[in-house]
Amino acid sequence: MGLDQYAHKVKATYDSDTLTETRTKTEIHTWRKHYPLQQCMEALWVSRGEEGSFNCVDVSLTEEDLNRLEKAILNDEMPWEDWMGEEETEEEKADTLAYDLEFIKKARESLADGWKIVYSSWF
């Protein structure tokens, strides 16, 4: 079983001459089998009143969401319990968390430039 995870920046532009909207979606980060992040994103999705299967759905991320994720990373509060039978070594955790912080930096820059940030995953 796999888990592929993606973050995209999304921007909608409207052409008043043609009365059409164009959405630009650009991938800014990917993960593979990052179960603690998946648990965080699913919890965020559920907190917004969503129900059902958390698979192939988009979760919009705000600056506040990124701040909470960063705090969880920096305070060692990510849910690292053994999930789906896979365990991370301390070195792998450190590498993964550094990679997550790179994502947060890119996401913040994109938000500042007027983009929306969207997380999605596929099992």
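Here is how the numbers come out for the structure above:
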{"read-out": "R0 of 35 Å, Cβ-Cβ distance residue 109-residue 55: FRET efficiency to nearest 0.05", "value": "0.75"}
{"read-out": "Cut-off 17 Å, label 7 Å out along Cα→Cβ of residue 30, residues of the range 86-108 by amide N", "value": "99-100, 103"}
{"read-out": "Protection proxy ranking, peptides 9-18, 67-76, average beta carbon neighbours within 10 Å, highest first", "value": "67-76, 9-18"}
{"read-out": "Charge tally in the Cβ shell below 12 Å around residue 72, where Lys, Arg are +1 and Asp, Glu are -1, residue 72 excluded", "value": "-3"}
{"read-out": "For Cα Rg over 2.2 N^0.38 Å, calculated from these coordinates, the label among (1) 1.14; (2) 0.98; (3) 0.93", "value": "(1)"}
{"read-out": "Gain upon complete extension [residue 81, residue 68; 0.36 nm per residue less C-alpha separation]", "value": "2.8 nm"}
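The numbers here are math on the coordinates, done by the rules we state, and not lab data. All values derive from a computational prediction rather than experimental measurement. Neighbour counts are summed over all protein chains in view; Cβ atoms, including those assigned to glycine, are modelled from backbone coordinates with ideal geometry.
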